[in-house]
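The values are calculated or read from the model by the stated rules, or taken from the named source; none is laboratory data. Because the structure is predicted, anything quoted here is derived from the model rather than measured. Neighbour counts are summed over all protein chains in view; Cβ atoms, including those assigned to glycine, are modelled from backbone coordinates with ideal geometry. The accessibility values were calculated without ligands, DNA or RNA, using every heavy atom of the protein model including side chains. Shrake-Rupley method; radii C 1.70, N 1.55, O 1.52, S 1.80 Å.
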Amino acid sequence: METTLIILKPDAVQRGLMGRLIGRFEAKGLQFVGMKYMMVPKGLAEKHYAEHAGKPFYDGLIGFVTSSPVLVMAIRGINAIAVCRKLIGATNGQKAEPGTIRGDFGMSGGYNLIHGSDSPESAERELALWFGDGGLIDFKSTLEEWVYDPSDY
Ligand code: IDP
Ligand code: MG
């Protein structure tokens, strides 16, 4: 089992897409083990996006993610990190494949609705950053035995 960090960004919240986007992960069979609705402090945004510091879009990105509430989620499943990246799609909504979240709902390279951890190392770092003070719930998912075949483990 892997846990990944997913953020519904301010554009997803303001456009009223939270329910539909959460529904995609639920319908896939993934388990929600953490959820926080919050304004992002600037320092936290800077730590989260530290790898992009100095890039031309960086200041705009920090301004964007701190401008309005976000929904931060920890989502669990077998291979959840790669599976969620696939559901999310390519960074730019104009290039993302139809069927992906960004491909179906977005037209922008910056306002692209959602963040998902891109590797096990990123997931570990990001989960510590956003849920380090607690808030992850370890519980038995009753749907698990019907979502996974025993040979999936
Ligand atoms: P990702 O979210 O698909 O992993 P990254 O390259 O890690 O994409 O970039 C982080 C975020 O920075 C993107 O989701 C997007 O919001 C923003 N961003 C990335 N590239 C651009 C760009 O070329 N113009 C504007 N914003 C960008
Ligand atoms: Mg990234």
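Hey, could you check the stretch 86-113 for residues that are under 14 Å from the mean Cα position of the chain (by Cα) and among the basic types (Lys, Arg) and say which is nearest to ligand 1 (Cβ to nearest atom)?
ARG102
Which helices (runs of 4 or more DSSP H) sit wholly inside the stretch 1-97 and have at least 2 residues that are in contact with a Pro (Cβ under 9 Å, 6 or more places away or on another chain)? Let's see the steps before the verdict.
Details: elements: 10-14, 18-28, 42-48, 58-65, 80-88.
Hits in the stretch 1-97: 10-14, 58-65.
Could you check the stretch 87-105 and list, in sequence order, the residues that are open to solvent by 10 Å² or more (accessible area, probe 1.4 Å), away from ligand 2 (no atom under 14 Å from the Cβ) and free of Cβ contacts under 8 Å to residues at least 60 places away in the same chain?
Of everything in the stretch 87-105, those that are open to solvent by 10 Å² or more (accessible area, probe 1.4 Å), away from ligand 2 (no atom under 14 Å from the Cβ) and free of Cβ contacts under 8 Å to residues at least 60 places away in the same chain turn out to be GLN94, LYS95, GLU97, PRO98, GLY99, THR100, GLY103, ASP104.
In the stretch 114-138, what residues are more than 13 Å from HIS48 (Cα to Cα) and within 9 Å of ligand 1 (Cβ to nearest atom)?
Result: ILE114, single match.
Filter the stretch 106-115 down to residues that are of a type in the set (A, V, I, L, M) and farther than 24 Å from VAL147 by Cβ and give me whichever is surrounded by the most Cβ atoms within 10 Å (Cβ to Cβ). It would help to see each step written out before you state the result.
Pass one, the stretch 106-115, residues of a type in the set (A, V, I, L, M): 107, 113-114.
Checking which are farther than 24 Å from VAL147 by Cβ leaves us with 107, 113.
Values: MET107: 11, LEU113: 24.
Taking the candidates together, the pick is LEU113.
Quick one: is LYS42 within 26 Å of GLY134 (Cβ to Cβ) and within 16 Å of ligand 2 (Cβ to nearest atom)? Don't jump to the end; show me each part of the working.
Details: within 26 Å of GLY134 (Cβ to Cβ): yes; within 16 Å of ligand 2 (Cβ to nearest atom): no.
Criteria not met by LYS42.
Does ILE137 satisfy the criteria of being among the aliphatic types (A, V, I, L, M), part of a helix (DSSP H, G or I) and either surrounded by 15 or more Cβ atoms within 10 Å (Cβ to Cβ) or at pLDDT 95 or above (or both)? Before you say what the answer is, go through the steps one by one.
Working: among the aliphatic types (A, V, I, L, M): yes; part of a helix (DSSP H, G or I): no; either surrounded by 15 or more Cβ atoms within 10 Å (Cβ to Cβ) or at pLDDT 95 or above (or both): yes.
Taking the combined requirement at face value, the residue does not satisfy it.
Against the condition open to solvent by less than 100 Å² (accessible area, probe 1.4 Å) and of a type in the set (Asp, Glu), how does GLU121 come out, does it pass? First the steps, then the outcome.
Working: open to solvent by less than 100 Å² (accessible area, probe 1.4 Å): no; of a type in the set (Asp, Glu): yes.
It is false that GLU121 is open to solvent by less than 100 Å² (accessible area, probe 1.4 Å) and of a type in the set (Asp, Glu).
Mind checking which residues of the stretch 12-28 are under 19 Å from TYR148 (Cα atoms) and either hydrophobic (A, V, I, L, M, F, W, C) or open to solvent by less than 70 Å² (accessible area, probe 1.4 Å) (or both)?
At the first step, the residues of the stretch 12-28 found to be under 19 Å from TYR148 (Cα atoms) are 23-28.
Those that are under 19 Å from TYR148 (Cα atoms) and either hydrophobic (A, V, I, L, M, F, W, C) or open to solvent by less than 70 Å² (accessible area, probe 1.4 Å) (or both): GLY23, PHE25, ALA27.
Looking at the stretch 51-85 only, could you name the residues that are within 12 Å of ligand 1 (Cβ to nearest atom), under 16 Å from the mean Cα position of the chain (by Cα) and of a type in the set (Lys, Arg)?
Selection gives ARG85 alone.
Kindly provide the set of residues from the stretch 47-73 that are without any contact (Cβ under 8 Å) to a residue 60 or more places away in the chain, under 20 Å from SER119 (Cα atoms) and loosely packed, with under 15 Cβ neighbours inside 10 Å, ordered by number. Don't jump to the end; show me each part of the working.
Initially, the stretch 47-73 is screened for residues without any contact (Cβ under 8 Å) to a residue 60 or more places away in the chain, giving 49-69.
Next cut, under 20 Å from SER119 (Cα atoms) only: 49-53.
Scanning the stretch 47-73 gives ALA50, GLU51, HIS52, ALA53.
Among the residues of the stretch 131-153, is any within 15 Å of ligand 2 (Cβ to nearest atom) and under 21 Å from LEU30 (Cα atoms)?
Quick first cut of the stretch 131-153, residues within 15 Å of ligand 2 (Cβ to nearest atom) only: none.
Scanning the stretch 131-153 turns up no residue that is within 15 Å of ligand 2 (Cβ to nearest atom) and under 21 Å from LEU30 (Cα atoms).
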